[in-house]
Amino acid sequence: MYKAFYSLSREPFAKGLKTADSFVSAAFAEARARLDYLKKVKGMGLLVGEPGAGKTFTLRAFAESLNPSLYKVIYFPLSTGTVMDFFRGLVTGLGEEPKFRKVDLFHQIQKAVLTFYQERKITPVFILDEMQLAKDLFLHDLSIIFNFGMDSENPFILVISGLPYMQDKLSLNHNRPLSQRLVMRYKIEPLNKDEVAGYIRHYMSLAGAKHDVFSDVALGAIASHSRGWPRLVNNLATHCLLCGYQAKKELIDEEVVRLAIQEMGL
């Protein structure tokens, strides 16, 4: 509906945006730099942020930047299962048929990682998302599974991602063995007011907009109500386009933003 009205070739804030087209905010650039550092030194890293901060998108951009002939990415977002589910998930991600006993799964994982790294010259990259939901026993086993050569080598990259209180969980005494092994930590911050305006204009331009569709006042209102979180910016900007189309307004102003906010219940 609104695409034709605003002469857009595609939806500007859809979920399936290409990572190559991403808006490079200060937080996104810093997160990528931290992940690239982890890529060089290997080992374990932590990436946290509020819901809608762009954690998963950042992880996807990082994963897609890796040469598949040098890195094997295993993305595992299921952190609410049992420890055995976790073990089996990692084994499956490594291309193996999971065995039944925990000790056998442990050896399967370690052997598969070493085979990739030493024989095939491929570094396994484990991305564990939504880890704020993981039980402490789950976290405790991480430091055991990824202990290679009596903790003398890191033939892998492991990124733990979750909400900010994941940092609090790791600060507890019984999780210190895992916390102490983290070589990278970063918390993604929201976009500032200027970045929200740049973000919206960037994706509108990629969608084919030939002129500014959002007024400066509208951009400021979106930044204020979304608090700079990318997912909320996407949702609110999309609702503004819908409301603007319904009101037949070629330039989205503060009135359209207020209407969109009311419809979204913000």
Study note, to complete from the structure: Excluding residues fewer than 8 positions from Lys248 in its own chain, the lysines with Cα under 24 Å of it are Lys3, Lys210
Exercise for review: Quickly work out the Thr82-to-Ser69 label distance, labels modelled 7 Å from Cα along the C-beta direction, and quote it in nm with one decimal.
Suggested key: 4.3
Revision key, fill the gap. Taking protein heavy atoms only, a 1.4 Å probe, and rounding to whole percent, the accessible area of the stretch 26-187 owed to carbon and sulfur comes out at 55
Exercise for review: Calculate, for the stretch 26-187, the solvent-accessible area per residue in square angstrom, rolling a 1.4 angstrom probe over the heavy atoms of the protein chains.
Suggested key: 47
Exercise for review: Compute the length gained on full extension between Glu97 and His211: take 0.36 nm times their separation in residues and subtract their Cα-Cα distance, giving the result in nm to one decimal.
Suggested key: 35.6 nm
Review point. Taking the highest mean first, how do the peptides 128-138, 246-256, 14-24 order by number of other beta carbon atoms within 10 angstrom per residue?
Key: 128-138, 246-256, 14-24
**Study point:** Reach of Lys111 by Cα under 26 Å, taken over lysines that are not fewer than 8 positions away in the same chain
**Key:** Lys39, Lys40, Lys42, Lys72, Lys99, Lys102, Lys121, Lys135
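About the Cα centre of the stretch 196-266, what is the dipole size in debye to 20, counting +1 per Lys and Arg Cβ and -1 per Asp and Glu Cβ, all else neutral?
My answer is approximately 200 debye.
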**Study point:** Span per principal axis, largest first, for the Cα atoms of the stretch 147-225 (Å)
**Key:** 60, 27, 14
Study note, to complete from the structure: Phi angles of the stretch 128-139, converted by Karplus (6.51 cos²θ - 1.76 cosθ + 1.60, θ = phi - 60°) into ³J(HN,Hα) in whole Hz with x for Gly and Pro, give 9, 9, 6, 6, 5, 8, 6, 6, 4, 4, 4, 5
Check your understanding: Suppose every K and R has +1 on its Cβ and every D and E has -1 on its Cβ; what is the size of the dipole of the stretch 117-176 about the Cα centre, in Debye to the nearest 20?
Key -> 60
Exercise for review: With 5 Å bins from zero, work out the P(r) of the chain over every alpha carbon pair and list the percent per bin.
Suggested key: 1, 6, 12, 15, 15, 13, 10, 8, 8, 6, 4, 2, 0, 0
Exercise for review: Determine, from the Cβ-Cβ distance of His174 and Lys248 and an R0 of 51 Å, the FRET efficiency 1/(1 + (r/R0)^6), rounded to the nearest 0.05.
Suggested key: 0.25
Check your understanding: Just the C-alpha atoms of the stretch 190-235: what Rg/Rh do they give, with Rh taken as the Kirkwood radius?
Key -> 0.94
Practice item. May I ask you to evaluate 6.51 cos²θ - 1.76 cosθ + 1.60, the Karplus curve with θ = phi - 60°, for each residue of the stretch 71-84 and list the ³J(HN,Hα) values in order in whole Hz, giving x for glycine and proline? Key: 9, 10, 8, 10, 9, 9, x, 8, 10, 9, x, 7, 4, 5
Review point. How large is the charge dipole for the chain, taken about the Cα centre, if only the Cβ atoms of Lys, Arg (+1) and Asp, Glu (-1) carry charge, to the nearest 20 debye?
Key: 600
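The values are calculated or read from the model by the stated rules, or taken from the named source; none is laboratory data. What you see is a predicted model; the values in this text were computed from it and never measured. Here the Cβ is made from the backbone with ideal geometry for all residues, glycine too, and neighbour counts use every protein chain on show. Note: areas computed on protein heavy atoms with side chains; ligands, DNA, RNA excluded. Shrake-Rupley method; radii C 1.70, N 1.55, O 1.52, S 1.80 Å.
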